[in-house]
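No lab work stands behind these numbers, since they all come straight from the coordinates. All figures in this text were calculated on a predicted structure; none of them were measured in a lab. Reconstructed Cβ throughout: ideal geometry from the backbone, glycine too, with neighbour counts over all protein chains shown.
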Amino acid sequence: MNGSRLQLMFRPLASLAVLLVAILTSASAHAQSFHPVSQAGTRVCPAIQGEMTPPDFSGPDCVSVDAVDINPQGRTIWVEFNLTLPPSFVERPEPSGLYVFAIASTDAYLNGIALGSNGQVGFDRASESPGRIDAVFFVPPEAMQTGENRVALRMASHHGRLHYENPVHAVGMSAYGGASDWAARNYWPALVNLGVFILAIFVFAILALRGERREAAAILTLFSLFMALQLLAETSRGLFGYAYPLHDLRLFSVVGLATLSSLMVFAYTLKRFSGLSAILRWSLVAVIALVTGVVIALTLSYDLKAMLGIFLPIAFATLGLMMWTIKRKPTAWMFLIGGLATIAAIYHFENAFLDTHVFYAGSIFLILLFFEQAQMLIRARRQIATTSAHAERLEMALQQAQQKEDPAELQLTSAGKVERIATDRIAHLAAAGDYVEIHFGEGQTGLYTASLNELEGKLPDTFLRVHRSHIVNTAFVITLTRDANGVGTLALSTGANVPVSRRIMPRVRSVLRSES
């Protein structure tokens, strides 16, 4: 592959890298402006019906907890946080917002001033209207102060069907804006992978429909589809704001799709390296799916469920790749490196791997397979070209042998006399007005009543039109020279030189190369 083609191939990848860096830089810049509440010193009190303003949080039923341990699930509570704001934030002219990321409906207060409601806080399922999982409350400038601030939230969560270990994800203050934008900043970088997944779905689906490595292509189509759906499910929190009960469906989708995509990786490695029958391979996939499902069912945290759904099939595939690498299966070592790198990334990045890095890993896997598919296509085309060249050489050799044993004859008229001419005697033919000048191998020349176009269809395939005024018998060709301007000259064994036009030069070179 020449340099220009490489530049065309890697230019989109370079643009993608620049876009990714810009998104990451933007996300980092926004994250630095978020002022979270203090994790320690949080007070929690049970809410009382009819109590519409925050209590003093000193009652006997109030307790001090860490912010991560706040749990409004199945009850209604008041929560008080400490929030420290620097002068640079308080004195800025831009509007500010209090952000609450939680699986709950919320009433928000800052320093005793009501900021608004997210949904309708109730004391049971019937009286509560679920709020959005990510909410922002406008903060009037007079409500906040430099230094310590008191944030009070009345929270209820009666509509969730799952039990969450940490239902309150984050509370803090920043510039006023869309609450979903904050979640989106964590996910936008991963969205650049969606194009890779969609392209892979089409590429491998077409290969499967065409019957080229049908099962492997079908597995990769499913893998790409599951990864694309998992990415959309994972980023849905940042794409649109939804009521907190839908978070259950989102987590179910993430866990299920993460598990299915990893099972497809396991199925693909079995197909590629194991040599087992389809029944045995898919039986193994079913066993690993069952083991993974049992482990996921026994795990409480949904983030951990999704991580295990990714980890276990990849780990089993990596064990198999170790064995196939020892047995020197071609390219098994490359897949082994990928499996080990994925496992290391899971341990190193933990939840961040589930949010974004898993999609980069999937994209890299598919891109490498794209390159491999391209190389296979190039090799196949080269093989076809080689086979075609061999066939042309064989056909030409057979035709030349036939010419020697039983040469074709032309019936031509010269000066009113009809002659029968064996074509193996003809070295080349040249147009001469309304006549054709035939040059014989013995050195003689004859002028006959005919046209080159008429004779071209009657001559054997060993004859080649090299110019609008010349036809050559390839059996008499010694050398072909090409000038700088693209035209050429054929040197014949008779000592004659025949011009070759620029337009026909590629065809002449191909035919003569096949004869050599």
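Suppose R0 equals 51 Å. What FRET efficiency, 1/(1 + (r/R0)^6) with r the Cβ-Cβ distance, do ALA344 and SER493 give to the nearest 0.05? Intermediate values should be presented prior to the final figure.
Numbers: r = 69 Å, r/R0 = 1.36.
After rounding to 0.05, the efficiency reads 0.15.
Work out the count of Lys pairs in the chain where the Cα-Cα distance is under 23 Å, with the pair 8 or more places apart or on different chains. Before the final figure, lay out the partial values.
Details: LYS271/LYS327; LYS271/LYS329; LYS404/LYS458; LYS417/LYS458.
Lysine pairs meeting both conditions in the chain amount to 4.
At 7 Å along the Cα-to-beta-carbon direction for both ARG382 and LEU162, put a label point, then send me their distance in nm to one decimal.
Reported label-point gap for ARG382 and LEU162 is 5.0 nm.
Tell me the relative contact order for the chain as a rounded percent, counting alpha carbon contacts under 8 Å between residues six or more apart. Let's see the in-between values first.
Details: 828 pairs, mean separation 46.2, N = 516.
Taking the mean separation of contacting Cα pairs over the length of the chain, I get 9 percent.
To the nearest 20 Debye, how big is the dipole of the chain about its Cα centre, given +1 on the beta carbon of each Lys and Arg and -1 on that of each Asp and Glu?
Values: 40 positive and 39 negative charges, 392 e Å.
With Lys and Arg at +1 and Asp and Glu at -1, about 1880 debye.
Just want the answer: with Cβ charges of +1 for Lys and Arg and -1 for Asp and Glu, which residue in GLY495, LEU298, THR235 is farthest toward the dipole's positive end in the chain?
It is GLY495.
Whose amide H sits under 5 Å from the amide H of SER96, counting only residues 5 or more places off or on another chain, with H placed in the peptide plane?
Here the answer is VAL139, TYR176, since their amide H atoms fall under 5 Å of that of SER96.
Could you give the length gained on full extension between SER129 and LEU280, defined as 0.36 nm per residue of separation minus the Cα-Cα distance, in nm? Write down the numbers at each step before the final one.
Numbers: separation 151, 0.36 × 151 = 54.36 nm, distance 5.14 nm.
Full-extension gain reported as 49.2 nm.
Can you find, among PRO130, GLY97, ASN118, the residue sitting farthest towards the positive end of the charge dipole of the range 35-177, where Lys and Arg contribute +1 and Asp and Glu -1 at Cβ?
PRO130
Suppose every Lys and Arg Cβ carries +1 and every Asp and Glu Cβ carries -1, with no other charges. What dipole size does the range 407-515 come out with about its Cα centre, to the nearest 20 debye? Please list the in-between numbers first.
Values: 12 positive and 11 negative charges, 91 e Å.
The calculated dipole for the range 407-515 is roughly 440 debye.
With only Lys, Arg, Asp and Glu charged, each at its Cβ (+1 for the first two, -1 for the last two), find how big the charge dipole of the range 220-342 is about the Cα centre; round to the nearest 20 debye. List each step's numbers first, then the result.
On the way: 9 positive and 3 negative charges, 108 e Å.
Once rounded to the nearest 20, the dipole reads 520 debye.
Where the eigenvalues come from the Cα gyration tensor of the range 35-177, what are the semi-axes √(5λ) of the equivalent ellipsoid, largest first, in whole Å?
On the way: eigenvalues 115, 52, 39 Å².
Largest first, the range 35-177 gives 24, 16, 14 Å.
What are the residues whose amide H is under 5 Å from the amide H of ALA432, where those residues sit 5 or more places off or on another chain and H is modelled from the backbone?
Here GLU437 satisfy the definition.
Provide Rg and Dmax in Å for the chain, with only Cα atoms included in the calculation.
Answer for the chain, Rg first and Dmax second: 38.6, 131 Å.
Give the longest segment of the chain that steers clear of trypsin sites (Lys or Arg not before Pro) in DSSP loops with at most 15 neighbouring Cβ atoms within 10 Å, not counting the sites themselves. Kindly include the intermediate steps, with their values, before the conclusion.
On the way: sites that count: ARG75, ARG125, ARG161, LYS327, ARG328, LYS458, ARG468, ARG502, ARG503.
Longest run free of exposed loop sites: 162-326.
Helix 194-210 versus the longest principal axis of the chain: what is the Cα-based angle in degrees, 0 to 90, to the nearest 10?
50 degrees
With a 10 Å Cβ neighbour count serving as the proxy for reagent exposure, in which order, fewest first, do TYR109, TYR360, TYR347 appear? Don't skip to the end; give the middle numbers.
Details: TYR109 21, TYR360 17, TYR347 10.
Result, fewest neighbours first: TYR347, TYR360, TYR109.
Counting other beta carbons within 10 Å of each Cβ, put PHE335, PHE311, PHE34 in order, fewest first. Write down the numbers at each step before the final one.
Numbers: PHE335 23, PHE311 20, PHE34 14.
Ascending number of Cβ neighbours within 10 Å: PHE34, PHE311, PHE335.
Enumerate the amide H contacts of ALA47 below 5 Å, restricted to partners 5 or more residues apart or on another chain; note that Pro and chain-start residues carry no placed amide H.
THR76, ILE77, TRP78
So which GluC sites (Glu not before Pro) in the range 98-169 are both in a DSSP loop and have at most 11 other Cβ atoms within 10 Å of their Cβ? Before the final figure, lay out the partial values.
Numbers: sites: GLU128, GLU142, GLU148, GLU165; in loops: GLU128, GLU165.
Answer by residue number: there is no such site.
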